[in-house]
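The structure appears right after this line, and notes come after that.
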Amino acid sequence: MPQKLKTSYVCSECGYSSPKWSGQCPGCRAWNTMNEEIVEATKKIASVLKPLKNAQVLSVSDISTEDEIRYDTGIGELNRVLGGGLVKGSVVLLSGDPGIGKSTILMQACGSLCKNKKVLYVSGEESAKQLKLRADRLGVDSDDLLVMTETDVETVAEYIRQQKPDIVMIDSIQTMNHSDIQSSSGSVTQVRECTNILLRVGKSLEIPIIIVGHVNKDGAIAGPKVMEHIVDAVLYFEGERNYSYRILRAVKNRFGSTNEIGVFEMSDNGLNEVENPSAALLSERNVNISGNCIACVMEGSRPILAEVQSLVSASGYGNARRMSTGFDLNRLNLILAVLEKRLGFKFSAADTYLNIVGGLKIDEPAADLSVALALISGIVDKPVPEDTVAIGEIGLSGEVRSVSRISSRISEAARLGFKKCIVPKSSLQNLKGDYGIAIVGVRHIREAEANVF
Ligand code: TYD
Ligand code: MG
């Protein structure tokens, strides 16, 4: 009789392992992510994970600190997020929802990297023909761009060892497979082991590797979380699929700051860099309509102006409906409660909808004041003047509190031609010089309301 394989249940989000199935992962509290996986015999894993034989110990003062070598990817926004280019020998995880544009940006980067470097593009998802079609569409063509359609990670590693390309792209880690591991491709064990093998090859030969990792919601394949801690940098590609804007964000970077973001727009011939995101986001704006207000939020170290839209209509039911897109619903409820209690607006009898234009997600309290003004504008049915920007956090008693980097926010508003900026009074002391815009300091939401309407 064949021996029964030992299995355990592993969370595809965080890698938590338990001998028993449960609907909710005890580790990260995600639902429906515990999948049965075969437990590999410890001996086998030990042979896969070869221990370091000659441990090298250096005095910290003896380690040379030559500048790291960075490769220019040809995409300014990608270079910026990587901290100034792709570092030689680094392993970067590029993750995002399926269809967001990961393969597209990689192929575009290949297009300029292969001008003076040998680039290997390993795809386990698409056929060579499909890759060629995409390359044609993006105008990429070179003898130095090698395409490999392979899913066996050892074959890939061996090829890298022998041919020593300058840069390697792996699309995607969930399709890679190690033949010694019995679980299916995309399982936590496979993803972890394949990443480890690629990492070892990359590090030993100083070849930078960009690995694509899909984020998936239903939990059947392992998410990028299970390998975030092993790689040098983690980039997230975000955006609503129905909108053309995409934001590339570094959530971890051993070679640069995690404050940078890159903004792109998906077009017919690939991703275009958006150098002026505020102008792009405001381009379709309708002026003189009640319920709207402009906010200035920081995306990393960049200020971005975004339009907050609200719709307040009489509620037909017993309890009011509240909906929010791009802004935290709990925060919206809090601001509504403050407006009701401190200023006496009857939001409890109204349905309230809030939307941030362009698919942008705002999670900064500095947007509170503009959300509050958009809501007041919606309920009193009077537009906020089109040339006004509001910046500030709102406290529970309705006070307007100071926010960080006020000066760069105001400069951005001035640069885009706005005439008035409402800011927390306490932030005024940090401002020096003339910004070319009227700056109004307010202490309480009541003062902001009186100033605007
Ligand atoms: P893709 O890079 O394949 O996504 P991922 O690798 O993250 O799964 O791109 C997905 C979408 O982008 C796809 O729906 C088609 C669209 N697209 C364009 O709009 N223009 C283009 O030039 C390309 C190549 C793709
Ligand atoms: Mg893809």
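The values are calculated or read from the model by the stated rules, or taken from the named source; none is laboratory data. Because the structure is a prediction, the values reported are computed rather than measured. Methodologically, a virtual Cβ is constructed for each residue, glycine included, from the backbone with ideal geometry; neighbour enumeration extends over all protein chains shown. Only protein heavy atoms, including side chains, enter the accessible area calculation; ligands, DNA and RNA are left aside. Shrake-Rupley method; radii C 1.70, N 1.55, O 1.52, S 1.80 Å.
Solvent exposure of D72, expressed as accessible area, is near 100 Å², computed with a probe of 1.4 Å over the protein chains only. Can you tell me the length gained on complete extension of the stretch K432 to S397, counting 0.36 nm per residue apart and subtracting the Cα distance? Length gained, K432 through S397: 9.7 nm. Put simply, the Cα atoms of the range 155-204 extend 31, 19, 16 Å along their principal axes, the longest span coming first.
If exposed means no more than 11 neighbouring beta carbons inside 10 Å and the site is in a DSSP loop, what's the longest run of the chain without any exposed GluC sites (Glu not before Pro)? In short, 67-274.
Heavy atoms of the protein chains alone define the surface here; on that basis the chain has 48 Å² accessible area per residue at 1.4 Å probe size. With a Förster radius of 25 Å applied to the beta-carbon distance between R443 and E340, the computed FRET efficiency rounds to 0.80. A Förster radius of 35 Å combined with the Cβ-Cβ distance from T155 to V60 puts the calculated FRET efficiency at roughly 0.35. Excluding residues on the same chain fewer than 8 positions from K225, give the aspartates and glutamates whose Cα lies under 12 Å from its Cα. Of all the aspartates and glutamates, those that pass the test against K225 - Cα under 12 Å, at least 8 places apart if same chain - are E13. When both the range 407-451 and the range 174-188 are represented by their alpha-carbon centers, they are found 55 Å apart. Computed on the Cα trace of the chain, the radius of gyration divided by the Kirkwood hydrodynamic radius gives Rg/Rh = 1.04.
Rounded to a whole number, what % of the accessible area of the chain do carbon and sulfur atoms account for, probe 1.4 Å? Within the chain, the accessible surface is 49 percent carbon and sulfur. Within the chain, no whole DSSP H helix has Cα atoms reaching 30 Å or more along its own axis together with a mean Kyte-Doolittle score of at least 0.0. By the Cβ distance rule (another cysteine Cβ under 4.7 Å), the unpaired cysteines of the chain are C110, C114, C194, C293, C296, C421. Estimated purely from DSSP H runs of n ≥ 4, each contributing -39500 (n - 2.57), the mean residue ellipticity at 222 nm for the chain is -8000 deg cm²/dmol once divided by its residues. Once the chain from D363 to L133 is taken as fully extended at 0.36 nm per residue, the excess over their C-alpha distance is 78.9 nm.
Using a simple spin-label model with pseudo-atoms 7 Å out from Cα toward Cβ, S407 and D143 lie 5.4 nm apart. Were the residues from F453 through S8 laid out at 0.36 nm apart, the gain over their Cα-Cα distance would be 154.0 nm.
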